[in-house]
Amino acid sequence: MLLNIPLLLAPFAVYNLFAMRIVGPAGGDPWVTPIFTVNMVSDARWTMTLGDMMITAGLVLLFVEVLKATRSNMGSIFDHLLSTLLFIVFLIEFLLVAEAATSVFFILMIISLIDVIAGFSITIRTARRDMTIGHTG
């Protein structure tokens, strides 16, 4: 049951903790806060911001969610349902909450949409393959 909880719930929750100023820097846009800076060999400086870190975490969790979608058990249907509900919550918050009207939140919402579409697509293709293999004709 715990495996069916969408992993993208974590970036959603962390985003809201920072956006509502429960954690993180006070005042200003928290998503431009530098996390670390690396001096490159080319003498350029590459800076990872909190927003970049959130998007990177979302992409890593999307990869794991796609791997989870390859399971073909009854729990996968519940997993897809929860992922769809999470996307709907993302969409509602993006449209109605001022703190969610950022590019970081929008990209996390699109990652959630891709999770929903990929999950259903992979499940359908897997089911179709299983039916073809099981067909005796």
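Computed from the coordinates by the stated procedures, all read-outs in this text should not be read as laboratory data. Because the structure is predicted, anything quoted here is derived from the model rather than measured. FYI the Cβ positions are ideal-geometry reconstructions off the backbone, even for glycines, and counts take in every protein chain you see.
Laid out as a table, the results:
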| quantity | calculated |
| --- | --- |
| Net charge of Cβ neighbours under 15 Å - reference SER103; Lys, Arg +1; Asp, Glu -1 | -4 |
| Choice from VAL41, VAL23, VAL32 showing the highest fluctuation, given a GNM over the chain with Cα pairs closer than 10 Å | VAL41 |
| For the chain, calculated [θ]222 nm from helices alone, where every DSSP H run of n ≥ 4 adds -39500 (n - 2.57) | -22000 deg cm²/dmol |
| Label zone at LEU17 (point 7 Å along Cα-to-Cβ), backbone N below 18 Å, the stretch 65-105 | 100, 105 |
| Relative contact order of the chain, defined on C-alpha pairs under 8 angstrom at six or more residues apart (%) | 29 percent |
| 3J(HN,Hα) from dihedral phi, the stretch 78-90, Karplus parametrisation 6.51/-1.76/1.60, rounded to Hz, x for glycine, proline | 5, 4, 5, 5, 5, 5, 5, 4, 4, 4, 4, 5, 4 |
| Charged-residue dipole, Cβ positions (Lys, Arg, Asp, Glu), the stretch 2-132 about Cα centre, Debye nearest 20 | 380 debye |
